[in-house]
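Written out below as structure tokens is the structure these notes cover.
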Amino acid sequence: MTDQTASPSNGGNNNNNEATPFNTAELQATLPSAELEAQATGKWVDPTPYNYAEFTTEKAGHEWDANTARYEWNDEYGDVGPEFPALELQLFGDPSTRGKKGIDFSKITEIQVIQEGPARIDPVATFDDAGLHPVMLENVKLAGYDTPTPIQRYCLPAIHQGHDVIGIAQTGKCRRQLKAKNLMGKAKKLAAPRPNPAMIQEGVDPRVRAEPLVVIVAPTRELAVQIFNEARKFCYRTMLRPCVVYGGGSMRDQEMQLWKGCDVLVGTPGRLVHFLERPATLSLKRVRYMVIDEADEMLAEDWKGELDKIMAGGEQEEGTINYMLFSATFPKAARDLAKTHLADTHVRLRVGRAGSTHGNIKQDIIWVDPALKKQALLDFLRSLTPTRVIIFANSKRTVEELDDLLFSHELPCTAIHGDRNQLEREASMRAFRAGKCPILITTGVSSRGIDVRNVVHVINYDLPAMEYGGIEEYTHRIGRTGRIGHRGLATSFYSERDEPIASVLTRTLLETNQEIPDFLQQYVPENYTPETLKFEADSDFEEDAGGNGNDDVANAWGSSWGTADAGKDSGEKPADESGFAVDNSGENGW
């Protein structure tokens, strides 16, 4: 291994921007006591042997994530039920560790939000100002949130006022919470009649068709389960019953949960469409709020047909569904989907440059000879203070090889990729979240939206290839750390094979004042300033065939979607007729 490989801080920084200082003590300040104890000893926890036989077939009594306990509403309660301390502890954790925000949370709350849509919103400053039902507000506090994130400050009043919403936010900005806030106090009137789900006896009581009021669509199974777990928190003590459906899980178990009644339904596109084709099990005729999370990812996976079917809803009158689309980037396919389904008078919000990273993450790029990468990874992990780490690789085979390698060297790891069955994937995520296996090795299947608060370090063993996500995939990967105001570290192994991503990677580093190593200095733009950094148009302003740059930007949304005064509230760049802020240089994107 070369000296370059061994030094995360390798390379100079010839730009004039001062990099944000990080230190290990600050990064560890809000870790759980068990992990702090491991760090105090300087030893990783003991690795857990992998039981291959355990996951080859579904075991009797296996608890799928879809069957996890939730607050079961009893119609004797009224709109609000009593407290259940045991469930509250499971949902929100130990009271002594709740609400451990990162040290830089105040900086996140100061990030500017640009309003680009035709409707304008006055943001709220606190959750107390957001018109939340008292029980919902109490659940927010139990979850440890006391200050809205930038996107929430605008989305909460927009939802309250009945607007459709497009949110283009940097990764890691808590975009998918509180979608059911407007239903509190109305649920009993709007929801489908059903028996007390806690008292249903299979084979005795009649099955009830699920007619949810809220549907949230996510691209991956892990993200769907994560959103479901958030919904369990915010539906606590309410009559709103959350469910989740996703591919690979037990069809029968998911169907049985739907038969008990469902008010908030989270799902992946394929499984949602499957149940929609069983009208005795699921109907969307009562849906009032439809949320599409990571819209660009689903469209990239060619799920437009499924999304169109889901977003068409049931037999509602036109205009009765409020749509919310959230994503870190917003390519043309996503804009077309929005124009088809969202009202002209929607709210469109952007936090930072679409597809950008944020300054809470220190990004180190290390030169590594491809032949020495495995040894470099072992050496690097051994140099770290034991903590929660995600390692990204580009292929399933590499993930398996690294899983075997690290375990053989007594490092506590687990792995996820698309070819592992759902039993394995759920068990791996539980082990990682619990700290039993604090090193997670994965492909891009875990890059979107997965939120494990105590991930301190992300390692790109392979940088993403340009044809498989490129810099947008890189942004999503490193966004698994530095969440909720925490600081995080992202280390990427680089070699000559990664030259196609070098230029845009360098500009991404410059954008947040990161150090530029010597081997990337050739890609630093001449005489650049942060304001003049240019990024490719494919994130936000895809050119139509035969287009000529600026005209495509101006016409991206169509004249009926435009607004000439977008951005004037906060003093950002002037906007063209599409409502997107434009660079005065006349070039596409910024």
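Odds and ends about this structure:
- The order of the peptides 232-243, 462-473, 187-198 by mean Cβ neighbours within 10 Å, most packed first, is 232-243, 462-473, 187-198.
- Distance between the 7 Å Cα→Cβ label points at LEU190 and ARG397: 5.1 nm.
- Shape box of the range 324-413 [Cα atoms, principal axes, largest first, Å]: 58, 29, 25
- Relative packing of 125-135, 221-231, which averages over residues the other C-beta atoms within 10 Å, highest first: 221-231, 125-135
- FRET E, pair SER503, SER96, Förster distance 35 Å, beta-carbon r, rounded to 0.05: 0.15
- Peptides ranked, highest mean first, by Cβ atoms within 10 Å: ranges 373-379, 326-332, 451-457: 326-332, 451-457, 373-379
- Estimated FRET transfer efficiency when R0 is 22 angstrom, pair GLN112-LYS339 (beta carbons, to 0.05): 0.25
- Spin-label model, THR126 to ASP79: label points 7 Å out along the Cα-to-beta-carbon direction sit 2.2 nm apart.
- Between LEU89 and ASP253, the simple spin-label model (points 7 angstrom out along Cα→Cβ) gives 2.4 nm.
- Whole-angstrom gap from the range 458-480 to the range 306-335, using each part's C-alpha centre: 27
- Direction-averaged projected area, Cα convex hull, the range 368-420: 3.9 nm², rounded to one decimal.
The numbers here are math on the coordinates, done by the rules we state, and not lab data. Since the model is a prediction, treat every value here as computed from it, not as a measurement. Cβ sites come from the backbone with ideal geometry, for glycine too, and all protein chains shown count toward neighbours.
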